[in-house]
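Novice: The structure that follows is given in the form of structure tokens.
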Amino acid sequence: MTRTYDDARHAFAAWDVDAEAAIERLATIPISVHCWQGDDVVGFEGKSGTSGGGIQATGNHPGRARNPTELRADLEFAYRNIPGKHRLNLHAFYMDTEETPDRDEIEYRHFAPWVDWAKDQGLGLDFNPTFFAHQKADDNLTLSHPDAGIRDFWIEHGRRTREIADRMGAELGSPCINNIWVPDGYKDIPVDRMAARRRLEASLDAMLAEDRPHMRDAVESKLFGIGVEACTVGSHEFYLGYAIRRGTLLCLDMGHFHPTENIADKLSAVALSLDEILLHVSRPMRWDSDHVILQNDDILQMAQELVFADLLEKTHIGLDFFDATISRTAAWVIGVRNMQKALLRALLLPQARLKEVEARLDGTARLLLTEEARDLPFAAVWAEFCERQDVAAGQPLIAELERYQSSVAGRG
């Protein structure tokens, strides 16, 4: 224990906050790190379609991972610089195989190397079907497509991803979250939204029909995307209702709502009706852009809501951003650590006192406590947390990130 941390610990104790308890709790919170930041959402299956499903990574910074081996090496470096034990979130088109199966033909063996690696690293795995970047998604319609043959193709893809996710969960002894997001929508105003939504509902029901005990299903909404500006079939309202009716998780992605909407406000509202929630944490700028997260108000408020509403046990936290203009490994490290810092700040707030003054409608005291608490020595507690986890912080971290980026900059 450093003198700086000991002083900070006493400063928080004066506010009736236990810094040791906050450090211990933070160490138990896993973050699911998204593999697609490492290669600009390209994947490794060798197939393509003209539609990216509204997904586009901009930039051409040197060092993009070109194969599973490079991606795993980059991830290992990132995890070494992130305190705590975490998870990896894989998309279905990141298979590791010499075979070339189509999406409706994928099997567990195509992902077995990832599971073996996760075992070696002590990581849990999460999974996602990939409903974009494929010729059968070029209409920006998949599970809601009017063509039954195309729907059947994607239903089978979804069934297989659930089977793979279930095997991953069983192999690793930790339930695998299988998150379903589809790009379905219309560029111009449709006349029959109901028909599309009925098709989507029926397709989801067919995909999810079989019980899979070692995985959890999640459904993810979106406001709009490139090519589907007029209508997104899987809207927030659609998936909220579906998750409640069917007992799935609801995924709330911070980049998938109107710029003035606040995810922190949604958490307690949906938590009353859902057993579990999945969060995709990103930083939208203007419309649906996925920037590396900062310790900004949106992130801090979201973390505070998770802590103050006692939602950490029922919420699975994952990241979802992709920035090809900066070092990809640094993006992972910065993003995960900022999520952890936001959680630590929330854990170090005088929660009982804040709730007490709010309960007696003392808005002045609430504002005063909130603003004065900003001056507490959070950084000293974070530094102590990193020290105990044997992870660099400050200038040593910057030097380590720069060193690794230099080592991969020559990748073509």
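Novice: Set Lys and Arg Cβ to +1 and Asp and Glu Cβ to -1, take the dipole of the stretch 149-255 about its Cα centre, and tell me which of 202, 169, 155 lies farthest positive.
Specialist: It is 202.
Novice: Considering only 408, 350, 393, whose Cα is most displaced toward the positive end of the charge dipole of the stretch 298-412, charges sitting on Cβ of Lys, Arg (+1) and Asp, Glu (-1)?
Specialist: Result: 408.
Novice: Moving to a separate point now. Sorted by average packing, counted as other Cβ atoms within 10 angstrom per residue and highest first, what order do 61-73, 188-200 take?
Specialist: By packing density, highest mean first, the sequence is 61-73, 188-200.
Novice: Take the alpha carbon gyration tensor of the stretch 225-360, find the square roots of its eigenvalues, order them as a ≥ b ≥ c, and report rounded if a/c is under 1.5; if not, report prolate when a/b exceeds b/c, else oblate.
Specialist: On the way: a/c = 1.87, a/b = 1.12, b/c = 1.67.
Oblate, because a/c is 1.5 or more while a/b does not exceed b/c.
Novice: Sticking with this one: Please rank 201, 20, fewest neighbouring Cβ atoms within 10 Å first, as an exposure proxy.
Specialist: Placing the least packed residue first, the sequence is 20, 201.
Novice: If you don't mind, there's one more thing I want to ask. Counting only DSSP beta bridges with both residues in the stretch 207-299, what percent are antiparallel, rounded to the nearest 5?
Specialist: Here the antiparallel bridges make up roughly 10 percent for the stretch 207-299.
Novice: Next question. So for each of 102-114, 314-326, 153-165 I average, over its residues, the number of other beta carbons within 10 Å; can you give me the resulting order with the highest mean first?
Specialist: 153-165, 314-326, 102-114
Novice: Share of antiparallel DSSP beta bridges in the chain, in percent to the nearest 5?
Specialist: 10
Novice: Just name one of 95, 26, 14: the one whose Cα is farthest towards the positive end of the charge dipole of the stretch 6-104 (beta-carbon charges, Lys/Arg +1, Asp/Glu -1).
Specialist: Value: 95.
Novice: In addition: Of all trypsin sites (Lys or Arg not before Pro) in the stretch 349-387, which ones are in loop regions per DSSP and have a Cβ with at most 12 other Cβ atoms within 10 Å?
Specialist: Those that pass, being in a loop and sparsely packed, are 360, 374.
Novice: By how many degrees, between 0 and 90 and to the nearest 10, does the Cα long axis of helix 148-172 differ from the longest principal axis of the chain?
Specialist: Between the helix axis and the principal axis of the chain, the angle is about 40 degrees.
Novice: Moving on. Among (i) 66, 59, 43; (ii) 70, 46, 39; (iii) 66, 52, 39, which is the computed Cα extents along the principal axes in Å?
Specialist: Looking at Cα extents along the principal axes in Å for this model, the match is (iii).
Novice: Modelled label-to-label distance, residue 108 and residue 270, 7 Å Cα→beta-carbon offset: nm?
Specialist: 3.0
Novice: If you stretched the chain out fully between residue 389 and residue 359, how much longer would it get, using 0.36 nm times the residue separation minus the C-alpha to C-alpha distance? Show your work: numbers first, answer last.
Specialist: Values: separation 30, 0.36 × 30 = 10.80 nm, distance 3.78 nm.
Length gained, residue 389 through residue 359: 7.0 nm.
Novice: Distance between Cα centroids, the stretch 221-249 to the stretch 58-134: provide it in whole Å.
Specialist: 26
Novice: Could you give the length gained by full extension between residue 206 and residue 372, i.e. 0.36 nm per residue of separation minus their alpha carbon distance, to one decimal place?
Specialist: Here the answer is 54.4 nm.
Novice: Sticking with this one: Where nothing but the Cβ of Lys and Arg (+1) and of Asp and Glu (-1) is charged, how large is the charge dipole of the chain around its Cα centre, in debye to the nearest 20?
Specialist: Computed charge dipole of the chain: roughly 180 debye.
Novice: To the nearest 10 degrees, how steeply does helix 328-347 sit against the main Cα axis of the chain, on a 0 to 90 scale?
Specialist: Helix 328-347 sits at roughly 50 degrees to that axis.
Novice: Identify all lysines with a Cα-Cα distance to residue 355 below 25 Å; exclude those on the same chain that are fewer than 8 residues away in sequence.
Specialist: 266, 314, 341
Novice: Still on this structure: Rounded to whole Å, give me the distance from the Cα center of the stretch 351-399 to that of the stretch 191-206.
Specialist: 46
Novice: For the stretch 281-332, with only Lys/Arg (+1) and Asp/Glu (-1) charged at the beta-carbon, what is the dipole magnitude about the Cα centre, in debye rounded to 20? Walk me through the intermediate numbers first.
Specialist: Details: 4 positive and 9 negative charges, 40 e Å.
My answer is approximately 200 debye.
Novice: Test of understanding: ordering 407, 327 by Cβ neighbours within 10 Å, fewest first, what list do you get?
Specialist: Details: 407 13, 327 21.
The order, fewest Cβ neighbours first, is 407, 327.
Novice: Under the 0.36 nm per residue contour assumption, what length would be gained going from the current alpha-carbon distance of residue 97 and residue 399 to full extension?
Specialist: 105.2 nm
Novice: Can you tell me the dipole magnitude for the stretch 198-270 around its Cα centre, using point charges on the Cβ only (Lys, Arg +1; Asp, Glu -1), in Debye to the nearest 20?
Specialist: Dipole magnitude for the stretch 198-270 comes out near 120 debye.
Since every read-out is calculated from the coordinates, none of them should be taken as a lab result. Computed from a predicted structure; not experimentally measured. Methodologically, a virtual Cβ is constructed for each residue, glycine included, from the backbone with ideal geometry; neighbour enumeration extends over all protein chains shown.
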